[in-house]
1. Distance from the Cα centre of segment 129-166 to that of segment 172-214, in angstrom?
2. From the backbone phi of segment 57-64, what are the Karplus-calculated ³J(HN,Hα) couplings (6.51 cos²θ - 1.76 cosθ + 1.60, θ = phi - 60°) in whole Hz, Gly and Pro given as x?
3. What does the charge add up to near R96, with Lys and Arg as +1, Asp and Glu as -1, over the other residues with Cβ less than 11 Å from its Cβ?
4. For a quick protection proxy, order the peptides 54-63, 26-35 by their average other-Cβ count within 10 Å, most packed first.
5. If I model a spin label as a point 7 Å beyond the Cα along the Cα-Cβ vector, how far apart are those points for T51 and T17 in nm?
6. Check which residues have an amide H placed less than 5 Å from L20's amide H, if you skip close sequence neighbours.
7. Give the distance, in whole Å, between the Cα centre of segment 215-240 and the Cα centre of segment 2-32.
8. With bins 10 Å wide starting at 0, give me the P(r) of segment 59-188 over every alpha carbon pair, in whole percents.
Amino acid sequence: MLAACDLGVEGRLTGITAELRSGEITAICGPNGAGKSSLLACLAGLLTPGTGAVALGGITISAMAPQARAQAIGFLPQNPEVAWDVSVEVLASLGRLPWPDADDGIVASALEAMDLTNLRARPVSSLSGGERARALMARVLAGEPRWILADEPLANLDLGHAAALIASLRSEARGGRGVVLVMHDLALAMNHADRVLVLDGGRLVSDGKPELALSEQAIAQTWGIAARWLGEPGARALSV
C-alpha cells in the first residue's frame, strides 16, 4: 500500500489523505494547477511535503534508502529530460540502475512492450515525441518497480500506442503492481482506471470509482462545465 497522510505543500497541496492499493490503476485528475503533479512527486518521494508524510508498506518514504526506493517506485515525470543522446536500448537499460544486474532480457521485454524493438539502436535525438515517450516508459518498466507513477504518460502517443500502453499498464496491475497516473483525459480515466482521485485547488475533492468520482455532477462542480457521459461502461465518451 502507498499511503499519503495529511500531505501539505505550501501553495500546492492541503490535507491530502489517501491509501492507494497495488493491483489497481489509480488516476489523478483535476483542472490545471490543481496539484496533480505535486501529489505524484510526493508519492514518489521526490518532493518533501511541508506537513504529513507518505508511507510505502508502512515505511515512511523519506526513511527509505535511495536504492530501495528506486527499486520500489518507477517514476515518469511530465516533461522528462534526457541528458545524453544515447540509444533507445541504453536509455531503457538505465531503468536497471537500482539493481545489481543489467538483465538484458528484462530490458528487451520492456522495449517489446513499448513497440520499440526495431528502434533499439536509434539515438534518442532522432525519435519523434511519441517514440521518445515510449522509450522513457520502457526505462520505467525495465526497473520492474512495485509501483509505477507516471505524469500524463499518454499525452504524446497516437491512438494505437496509447491503447497499447493502457493495456500494458493494466497487465502490470493484474500482476500485482500499483499504477498511478496523472490524466487530463477524463474519458480515459473513466474507462480504464479502477479508482480516481480528483484534486481542485490543492485539495482532494473526490475519491472513488470512476463513475462516482467523475460523475456529471462532480465534473460540473470541479471543472465548471456541463458535461454528459455517452456510451456503455468501459467505452464512455464525454460530451461537453
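Values in this text are rule-based calculations from the coordinates and carry no lab data. Given the structure is predicted, the values throughout are model-derived calculations rather than measurements. A quick note on method: Cβ atoms are made from the backbone with ideal geometry, for glycine too, and the neighbour counts reach across all protein chains shown.
1. 17 Å
2. x, x, 9, 4, 3, 5, 8, 7
3. Values: positive: R139; negative: D101, D103, D104, E144.
Once positives and negatives cancel, what remains is -3.
4. Details: 54-63: 14.9, 26-35: 21.1.
So the peptides 54-63, 26-35, ranked by packing, come out 26-35, 54-63.
5. 1.2 nm
6. Amide H to amide H, under 5 Å and 5 or more residues apart or across chains, L20 pairs with L2, A3, A4.
7. 22 Å
8. 13, 45, 34, 7, 0
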